[in-house]
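> First the structure, which I've put down as structure tokens, then a few questions once you've had a look.
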Amino acid sequence: MRRTNLLFLTIVIALLLPSFICAQKVEDLIKQGDEFAEEKFDNQKALEKYLLADKVSPKNWEVLWRISRAYVDITEHMPSSTDEQKDAQLAKYETALDYAERAIKLAPDKSVTYLRRAIANGRIALFKGVFSVIGIVNSVKADLEKAIKLGNGGKDIQATAHYVLGRTHAKVCEKAYLIRLPLGLGWGDVDIAGKEYLKAIELRPNYRMFYLDLGKLLIDNEEYEMARDYLSKIEKSPKQDEDDDKFLAEAKSLLNQIKNK
């Protein structure tokens, strides 16, 4: 009887061990990729780790949305002076979109998958011109609202969703209401943009990009005292993004421009 039980246990272990090892390897690769992406700001190395994880565990939504993020982060820093460079950049953004859409199919109840599709589509819209791709812009808004409604993924994910929604409203409002209304973009609202930025800051304080865009919005609204307050917070905030030095320099320039207003 003992020998039978031992044999059964050995078979179970033999069957489960490869899956356990595979899962552990994927977790390790994700962890390594996250370290490259979030701490070392080496997005190419991060992408390499995530692509390895995708080979080990295809159809893993945790891996797919990270691949999408890596492609966006790499592409936004690519050169875009020539037509060939622009075509290459657009192709990378479309690759990011593809991975995000695959993540949504596997995890339609996760905020981060919709967030990543919204960001990839948002980059494509900015690349092509927001007012020439109305359908994409509307889908960005819908995905962000879906991500916020689902409300999962943690404070950083939700903060980013609120921030990008605020930025989407602000971008749409660059054209007058009566011009964009017939285009189907009448929903754009500067006040909502401000509220979304503030919500993002509430969820994730001391993130420089949030303060910078809120400061710009306040300057546009001629609310200079509040703009100075938020822009001044950037220098006191820790570096958490590869572009934080650029954000700090821009904030200092803006503060100098409005110091007497």
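> Report the gain in length on full extension from Lys40 to Lys105: 0.36 nm times residue separation, minus Cα-Cα distance, nm rounded to one decimal. Let's see the in-between values first.
Values: separation 65, 0.36 × 65 = 23.40 nm, distance 3.04 nm.
Difference between extended and current length: 20.4 nm.
> Between Lys246 and Leu90, what's the calculated FRET efficiency when r is the beta-carbon distance and R0 is 30 Å? Round to 0.05.
Values: r = 23 Å, r/R0 = 0.76.
Efficiency at R0 = 30 Å is approximately 0.85.
> Does anyone have the angle between helix 43-56 and the longest principal axis of the chain? Alpha-carbon axes, 0 to 90°, nearest 10?
The angle comes out at about 30 degrees.
> For the chain, set up a Gaussian network in which alpha carbons nearer than 10 Å are linked by springs, and say which option among Ile157, Ile179, Ile192 fluctuates the most.
For the chain, modelled as a Gaussian network with Cα springs under 10 Å, the answer is Ile179.
> State whether segment 79-204 is rounded, prolate or oblate according to the following rule on the C-alpha gyration tensor (a ≥ b ≥ c being the square roots of its eigenvalues): a/c under 1.5 gives rounded; otherwise a/b larger than b/c gives prolate, and the remaining case gives oblate.
Values: a/c = 1.74, a/b = 1.07, b/c = 1.63.
Here segment 79-204 falls in the oblate category.
> Another question about this same structure. By how many degrees, 0 to 90 and rounded to 10, does the Cα axis of helix 134-150 deviate from the longest principal axis of the chain?
Between the helix axis and the principal axis of the chain, the angle is about 60 degrees.
> Moving on. Measuring from label point to label point, each 7 Å out along Cα→Cβ, what is the Ser139 to Asp229 span in nm?
Roughly 4.0 nm, to one decimal.
> FRET efficiency for Lys259 and Ile192, Cβ-Cβ distance as r, R0 = 30 Å, nearest 0.05?
Values: r = 29 Å, r/R0 = 0.97.
For R0 = 30 Å, the calculated efficiency reads 0.55.
> Roughly what angle does helix 2-38 make with the longest principal axis of the chain, taking Cα atoms, 0 to 90 degrees, to the nearest 10?
Once rounded, one gets 20 degrees.
> Any idea what Rg and Dmax come out to for the chain if you just take the C-alpha atoms, in Å?
21.8, 89
> Between Ser132 and Glu27, with labels modelled 7 Å along Cα→Cβ, what's the label distance in nm to one decimal, could you check?
That separation, rounded to one decimal, is 4.8 nm.
All of the numbers you see were taken from the coordinates with simple rules; none came from a lab. Remember, predicted model here, so these are calculated numbers, not experimental data. All Cβ positions, even for glycine, are placed from backbone atoms using ideal geometry, and neighbour counts span all protein chains on display.
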